[in-house]
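Peer 1: Quick one: the structure is below, and I'll ask about it shortly.
The values are calculated or read from the model by the stated rules, or taken from the named source; none is laboratory data. Nothing here was measured: the structure is a model prediction, and the numbers come from that model. Positions of Cβ are generated from backbone atoms using ideal geometry, with glycine treated the same way; all protein chains shown enter the neighbour counts.
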Amino acid sequence: MFGLTLLACRISLSENNAHLPLRCGKRWYASPPPPLSDNAKGFLTTLEHSSEEELTLHLQDRMQFSKEAIACLVCVFDRLHSRIDNMCKHVQASAGEDNSQSDIINVNHTLLEENSRLRDLATLLQGRHHKMSMEYNELVDKVTSSETKVSEMETTVEDLQWDIEKLRNREQKLNKHLAEAMEQLKSGYSSTGSSGGLPGGQITLNIQKFESLNAELEHNQELANSRMAELEKLQAELQEAVRESEKLKIDLRNIPEEVVKETLEYKCLQSQFSLLYNESLGVKTQLDEARALLLTAKNAHLRQIEHMESDELSLQKKLRTEVIQLEDTLAQVRKEYEMLRIEFEQNLAANEQAGPINREMRHLISSLQNHNLQLKGDVQRYKRKLRETQMEINKLRCQSGDTAVLILEDTTSDGIDVKKEEDEDHEEEEEERRKELERQRAREREREAERERERERERERQRSDELKRKDSDTLKMLRVELKKAQESQKEMKLLLDMYKSAPKEQRDKVQLMAAERKSKAEVDELRMRVRELEERERKESKKLADEDALRKIRVAEETIEHLQKKLAATKQEEEALLSEMDVTGQAFEDMQEQNSRLLQQLREKDDANFKLMSERIKSNQIYKLLKEEKEELADQVLRFKTQVDAQLLVVQKLEEKEGVLQSTLATLEKELSVRTQALELNKRKAVEAAQLAEDLKVQLEHTQAKLKEIQVSVAENRTARERESSNLKRAQEDLSRLRRKLEKQKKVEVYSDADEILQEEINQYKAKLRCPCCNTRDKETVLTKCFHVFCYECLKMRYDTRQRKCPKCNCAFGANDFHRIYIT
């Protein structure tokens, strides 16, 4: 019982939203407890006066109701959070929708406002319903408690009536016995008086009468005091009840705002309102931001589409013009290449015809130069021998001592001859050196010319290979471009299909169809050009292959013939040189003339070669410039292609975004339909709630009328019960008084002697000192509230069994309200 009361105290304190410290035994918490409210006091009084079963049932009802209320609150908050999250997701997803969604957004906004209004109305109705249900439950509890009290009072009244009847019957019997006893006493007194009894008996009878009168006086005083105390208590209770009723009436008429604000319902509603208001503000700001983002994204999307369309048209025009320019430049370069190739072949043929002759002449010149050098060496050797012989002759002449004149003449003539011969030798050596230098220079020039020719041949071969490679590369590029154009055509077809499926203006459709036709025509033209270029390439490759093979065969045959001729010439030259060693002078002069002529021819050929080289360098420079221009144009084409691919990717992304937005639009439409259905359901629920509220109002009025009737009947029953209780008390007092008289009469009748009477009185006093509950143990504990005395075991047993009321006056007592006493 003690644990249940503590649990009830905690529940009442938690319901009144007061963090109050509890006292369990003699243990206190930190802060002093504030005063309890009226609801808590009423709840505690009901818990004190109710039994264990009623306590458990009441607490189970309270716990069930609190659990249901908390579950409803949690469900409502979960729904609100889920709705807010879904709304935020849909608002963020619908950031890139078209202008057509603005109407849907406005309708959605109005529906949301209507939904919030209906939700507020539903919450208000739920609050009213909850309040009315709480009042109804309280009234039902009061009715049930009053009915139980009435039934208990009826049972007690019936029991009391039964006891009163029994007491009346007993009183009648006692009155009869008393009358009989009085008659017997009178008859006994008369007999004793006639016989002349003892004076001691009279003394004892007088003492007994005096004691009985004193006892009656004391009893009457006790009755008067008890009735006076009861009257004072009833008067005080009446005044307190009147004051409480007036105070409650005043409190009901003028309920302060602080009390309303301190209630749990008001605080819960205030917290819910603040949360919902903040969430609504956040959702509103998110909605505004989403609308702004939607408008900006839409405008940017339209601008990007227009910019992409204009860029695509300009790029198509640029590509067409650049392709035409590239084709023109390619045709010009091919013409120049053919002209240069023809000139190069002509120069090669001329050089091949003059090459063997020049080689033979060079070989002849080199052989003759070697022969001349040998002859010069022989001449110088012979001159040395001549000088030596002349020196020996002069020595011999000097030794012999012949005529000095002859010697002098001879010496002068010899000196003049020697000087002349030496001068001629020096001049010849200088001329030979000059000729050798000129020959070496001519040889070096010829070698350089041959090297340059070989280099030119290699360059021409490399150029032809490069041209072939470039032609093949251009063909590959054109094929790749054709494939890309086909892919772009397919993508444009897909774009056209996508744009046809979407509702747009007729001008856009006409422009797209015209662009598609133009792209088809351009693709067909490019295919024809590619085929023509492939055929040209095949023909040129065949021609070049045939011409190269024939030219190589001719060159090989010419080299063979030239080598054979060279062999025969070398043999003849050897024979002629062996046979014609004597006529070297004439041949030398002829060869010098031929050398001069050949040198002039070589100079002329060198000039022609230099001219050809300068022209070739110019053509190479022009070719390089054209090649660079072609590479730049190819880079531009690649850039434009990359730009087109990037724009196509952007278009695909925009199409994907458009599909996503369409899907989100469909989902939003579905959600709108679902929300309209939910709105209709909420309206129906609101109507049903209003109907339920009206029904509950009718039921409340009916229950209030019943409650008033029950209260009237309870008041009547209470007054009747009080009357009966007062009558019962008086009857009990009369009964006790009559019992005493009867006992005294019995004692007088039974005990003749005074000692026996005194012994009986002693026994009565001992019985008064015994516990009235068990009538076995002595009185040893007193209740400090009502000061009634009982034995310790009975009070302890009543305290342990939770019957904590006085057995005589029903005054409640606690653990510290009874103490031991010692009667000596």
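Peer 1: Which of (1) acidic (Asp, Glu); (2) surrounded by 12 or more Cβ atoms within 10 Å (Cβ to Cβ); (3) modelled with pLDDT of 75 or more does residue 540 not meet, given it meets every other one?
Peer 2: (3)
Peer 1: Do we find that residue 654 is more than 44 Å from the chain's Cα centre (by Cα), aliphatic (A, V, I, L, M) and more than 30 Å from residue 125 (Cβ to Cβ) in this structure? Give the derivation first.
Peer 2: Details: more than 44 Å from the chain's Cα centre (by Cα): no; aliphatic (A, V, I, L, M): yes; more than 30 Å from residue 125 (Cβ to Cβ): yes.
No.
Peer 1: Go through 637, 714, 651 for me and flag whichever is in contact (Cβ under 8 Å) with a residue 40 or more places away in the chain and under 30 Å from residue 328 (Cβ atoms). I'd like the intermediate steps shown before the answer.
Peer 2: Numbers: 714 fails: under 30 Å from residue 328 (Cβ atoms); 651 fails: under 30 Å from residue 328 (Cβ atoms).
Going through 637, 714, 651 in turn, the sole match is 637.
Peer 1: From the set of residues in the range 367-399 that are surrounded by 13 or more Cβ atoms within 10 Å (Cβ to Cβ) and under 19 Å from residue 575 (Cα atoms), which is farthest from the chain's Cα centre (by Cα)?
Peer 2: 375
Peer 1: Out of (1) surrounded by 12 or more Cβ atoms within 10 Å (Cβ to Cβ); (2) modelled with pLDDT of 80 or more, the odd one out for residue 604 is which?
Peer 2: (1)
Peer 1: Within the range 293-312, how many residues turn out to be closer than 17 Å to residue 649 by Cα and of a type in the set (S, T, N, Q)?
Peer 2: Selection size over the range 293-312: 2.
Peer 1: Mind listing whichever residues of the range 782-824 are surrounded by fewer than 13 Cβ atoms within 10 Å (Cβ to Cβ) and aromatic (Phe, Trp, Tyr)?
Peer 2: 787, 822
Peer 1: Within the range 241-262, count every residue that is modelled with pLDDT of 75 or more and within 22 Å of residue 715 (Cβ to Cβ).
Peer 2: Count: 10.
Peer 1: Under 7 Å between Cβ atoms, which residue pairs at least 6 apart in sequence (or on different chains) link something in the range 54-81 that is in a helix (DSSP H, G or I) with a partner that is among the β-branched types (Val, Ile, Thr)?
Peer 2: 59/11; 62/11
Peer 1: Among what's in the range 560-575 and is surrounded by 13 or more Cβ atoms within 10 Å (Cβ to Cβ) and at pLDDT below 75, pick the residue that is nearest to residue 350 (Cα to Cα). Write out each step before concluding.
Peer 2: Of the residues in the range 560-575, the ones surrounded by 13 or more Cβ atoms within 10 Å (Cβ to Cβ) are 562, 566, 569-570, 573.
In the following step, the residues that additionally are at pLDDT below 75 were identified as 566, 569-570, 573.
Values: 566: 20, 569: 23, 570: 25, 573: 27 Å.
Among those residues, the one meeting the criterion is 566.
Peer 1: Residue 174: of a type outside the set (Lys, Arg) and at pLDDT 75 or above, yes or no? If you could, list the steps in order and put the result at the bottom.
Peer 2: On the way: of a type outside the set (Lys, Arg): yes; at pLDDT 75 or above: yes.
Taking the combined requirement at face value, the residue satisfies it.
Every residue, every condition in (1) loosely packed, with under 11 Cβ neighbours inside 10 Å; (2) under 40 Å from the mean Cα position of the chain (by Cα); (3) within 30 Å of residue 730 (Cβ to Cβ), yes or no:
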{"site": "221", "(1), (2), (3)": "yes, no, yes"}
{"site": "244", "(1), (2), (3)": "no, no, yes"}
{"site": "257", "(1), (2), (3)": "yes, no, no"}
{"site": "267", "(1), (2), (3)": "no, yes, no"}
{"site": "282", "(1), (2), (3)": "no, yes, no"}
{"site": "302", "(1), (2), (3)": "no, yes, no"}
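Peer 1: Test residue 79 against the criterion of being more than 30 Å from residue 657 (Cβ to Cβ), modelled with pLDDT of 70 or more and outside the structural domain of residue 293 (by TED's automatic domain parsing), and give yes or no. Walk me through it before giving the result.
Peer 2: On the way: more than 30 Å from residue 657 (Cβ to Cβ): yes; modelled with pLDDT of 70 or more: yes; outside the structural domain of residue 293 (by TED's automatic domain parsing): yes.
Taking the combined requirement at face value, the residue satisfies it.
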